[in-house]
Amino acid sequence: MNEQPRAAIEISARYDYNKNYIIARGCVRQSCLVTREVFYSYLEQCRVCNNTLESEEMTVFAPINAAFQKIVKGNPDTNSMVLYHIINVPKKTEQLSGSYTYMPSRLSGSPPLWITHSQGRFQNEIYINNAKLLIGQSNVIGKKGGMQQIMHKIDEVLIPTRSSLAASNSIYNPSAWEFLENYESLIQGSHRLRNFRQKVQQNNKQDIFKTEGSYTFFIPVDEGFANSRATLIDEKIIDGHVIPKRVLFTTPTQKDVPFPTLANGDNDIRVVISFTQEQRQNLIINYVKSHTLFGDGKHTPGVVLAEIVKGNIPVKNGVVHLIHKPLMIVDSNVKELLQEHMDYICRVGNIQSMENVIKEVPELPPREPSLNAYPYDYDYDQYKEKDGKILNSFIDAINGLGADGKDFLNTLEKSPDITLFAPCNAALEGSLVNNIVAQKQKFLDILKLHLVVDNRLYVDTVIKKNQMKKNIRIQNC
């Protein structure tokens, strides 16, 4: 425990230019100033924060300097940003309650700070929203009399979901539905959510976005409603965009682990959602995939993968992720999937994980009866590939075959029942693979081995058939 003997409210700072650090009394001030923290400079400018530091108990989640390099800065409301990093009770790391619970922040409206406990490689990890709590730099305590202040370091800046100070209709702590209704005044960016919002209203599904509790919401942006997708969205598909009883941020959530959705009910439909990502060197792209395990006449079994174009948006009843197209709608042929570059991913059919899907369907809790937005925003573009596509290397290799490549793509488009095994970008790296691709005839021969014509091979079907063959061999022994 890093306990400071000096009083938390005393201030006495001076620069030591030779040692290039600041010495200060006080828990938060001393710990932040010693490394010349960016966060502390914002805290010093916040009058409410300074009054709180002088007279109240608190816990401060202080982002490290590197965290501020990940965000785009406009003319930020830094007072709101700082207050969102403070709660009015002192809590050590061991006092931070279980996953999917929250702590009200000091910001107006008390928007929540969501807690997640995750199993790390060497120890249990704690996240505040999507920010990892740095255990070795946390539990810094200051005391004076009975008053206690605690500081923890985190690796991301916490961004509150709220309207700007200039907005005529102030929104301080929106539910997912209030977020969907007022998106344009809450989030700065080019995306629009009108199509999905309209479908929610037409199907009278507003209540699932208003309900108090702990939820994960996936909202497709307008750009993803190409072709006839909008006409295919019904109330069951809307339910398939919501995970109940879990608030899942992208970083702490285990990848390729399925979570049941609200689409799982008394009928035969079963839909699960999992997170996955592609990493190429230092670039990370986050995706979410829906797997309709059992469908009906309107909902086709299969996997749909969507890129998270803006994730980790905290709301009063959970977290919102904006995705590039609707889930559950299997509306493309294989050629279109390839050209979209987005709909198959390594380990997409992870049946071993799918077998662990929770059988019980949680009941829905009781129902409740355009200006510049907050200018802090994460610069997610730094994590994307050049064109943001996961199968671009495979497409480029096929196009490199010339006429033979066009014939292959025509087969994908015209054949009614096919199965294609599509290698993602990482599978096409390396000198050996590059040499094969350079030899057009050899690559074409190998390419044809990736295609099964006149047969749809679902992963679960393949596994069941292999298990049957295995059982027969055992019986014959």
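The values are calculated or read from the model by the stated rules, or taken from the named source; none is laboratory data. Keep in mind that this is a model prediction, so the values were computed, not measured. Positions of Cβ are generated from backbone atoms using ideal geometry, with glycine treated the same way; all protein chains shown enter the neighbour counts.
Among strands (runs of 3 or more DSSP E) lying entirely in segment 145-252, which contain 3 or more residues that are at pLDDT below 95?
147-154
How about segment 253-304: which of its residues are assigned to a loop (DSSP other than H, G, I, E, B), more than 12 Å from the chain's Cα centre (by Cα) and of a type in the set (D, E, K, R)?
ASP256, ASP266, ASP268, ASP296, LYS298
Within the set of pairs 6+ apart or on separate chains, which have a first residue in segment 251-277 that is farther than 9 Å from GLY240 by Cα, a second that is among the basic types (Lys, Arg) and assigned to a loop (DSSP other than H, G, I, E, B), and C-beta atoms under 8 Å apart?
ASP256/ARG347; PHE259/ARG246; SER274/LYS255; PHE275/LYS255; THR276/LYS255; THR276/ARG347; GLN277/LYS255
When you look at ILE418, is it modelled with pLDDT under 85, over 30 Å from GLN69 (Cβ atoms), in contact with a Leu (Cβ under 7 Å, 6 or more places away or on another chain) and not assigned by TED's automatic domain parsing to the domain that holds ASN79, yes or no?
yes
State whether one or more residues within segment 425-435 are in the same structural domain as PRO244 (by TED's automatic domain parsing), of a type in the set (Val, Ile, Thr) and at pLDDT below 85.
Checked against the condition, which is being in the same structural domain as PRO244 (by TED's automatic domain parsing), of a type in the set (Val, Ile, Thr) and at pLDDT below 85, segment 425-435 yields no hits at all.
I'm told GLU125 meets every condition in (1) among the acidic types (Asp, Glu); (2) within 19 Å of PHE249 (Cβ to Cβ); (3) assigned to a helix (DSSP H, G or I) except one. Can you identify the failing condition by its number?
Here GLU125 clears every test but (3).
Inside segment 44-65, can you point out the residues that are under 23 Å from LEU133 (Cβ atoms) and of a type in the set (Gly, Ala, Ser)?
The answer is ALA62, and nothing else.
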